[in-house]
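The values are calculated or read from the model by the stated rules, or taken from the named source; none is laboratory data. What you see is a predicted model, and the numbers here were worked out from it, not measured in a lab. Cβ placement follows ideal geometry from the backbone for every residue including glycine, while neighbour counts extend to all protein chains displayed. SASA here: full protein model, heavy atoms, side chains in, ligands and nucleic acids out. Shrake-Rupley method; radii C 1.70, N 1.55, O 1.52, S 1.80 Å.
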Amino acid sequence: MDEVAVWWGEPVLAKTEEQIVDAEIELLKQRKIRQRAELTVSVADYWVEAFGDRGIRAMLFESIAGFLTERFALHLQTLTAGEVDGKVAIGLSRGRERVMVDAGWSWGASLLTAASSGQSRRVDLALYAALQDLAEMRSARGFPLRAFDEPSDALDGRGRELLAQWIMDQSAQRETTLLITHSTDLAGLITPSAIWNVVLDKDGSRVEVQ
């Protein structure tokens, strides 16, 4: 009688194929779990970005950028006789707030970086006033005081005239306007209600009211 050849590897192969099918099903399950986890992480990242520390600050910046630009442009209108267009942007850089100003002259310097000292000074004053307007707008009470410290530095005659008119306009809106200066550049352009001279000598400092 002829012997029948038997391949004993068939049961092992069948079992292996079953294990492969099971492994593929498990792999599909794990992929779905991973996809759900990645979706959960992306949603969490969104909420952290939108409502975390940086996100909330970014939202606040967006909410005040329009107001700042409007007030900045209004102050520039007086300080430059309409010769400058500008806007204000606020953002985050390395976790810190930054106020960015863009200004261009209708003639002369087209960029703020190319502006003269006097031109840059007037842009700085407009931004300073706009930031004060923002602080006052956010305050529960109006600010009765506005202070200017050496505002005429680097300004020429025309710039001082525009500055004086601007300061007078600002003073009309508040109870008190304080102008601090060492120079007499604005003498004759602004008529103060009182002048306080701070005198410093060997006996110390004192205030003399004119």
Among the numbered conditions (1) at pLDDT below 90; (2) open to solvent by less than 100 Å² (accessible area, probe 1.4 Å); (3) not small (Gly, Ala, Ser), tell me where Leu27 comes up short.
-> (1)
Candidates Ala103, Ala109, Ala135, filtered to the one that is in a loop (DSSP other than H, G, I, E, B) and at pLDDT below 90 | Ala109
Pairs with Cβ under 9 Å, 6+ apart, first in the range 176-203 and over 22 Å from Leu162 (Cα atoms), second small (Gly, Ala, Ser) and surrounded by 11 or more Cβ atoms within 10 Å (Cβ to Cβ) | none
Of the residues in the range 112-132, those that are open to solvent by 40 Å² or more (accessible area, probe 1.4 Å) and either within 18 Å of Ile180 (Cα to Cα) or at pLDDT 90 or above (or both) come to Arg121, Asp124, Tyr128, Gln132
Name every residue in the range 196-209 that is open to solvent by 70 Å² or more (accessible area, probe 1.4 Å) and out of contact with any strand residue (DSSP E or B) (no Cβ under 7 Å at 6 or more places or on another chain), in order of residue number.
-> Leu200, Lys202, Asp203
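If you take the residues in the range 143-185 that are in a loop (DSSP other than H, G, I, E, B) and among the β-branched types (Val, Ile, Thr), which one is least open to solvent (accessible area, probe 1.4 Å)? Spell out the reasoning first.
The initial filter retains those residues of the range 143-185 that are in a loop (DSSP other than H, G, I, E, B), namely 143-144, 150-156, 172-175, 181-185.
Imposing the further condition that a residue be among the β-branched types (Val, Ile, Thr) reduces the set to 181, 184.
On the way: Thr181: 56, Thr184: 110 Å².
Going through the qualifying residues, I end up with Thr181.
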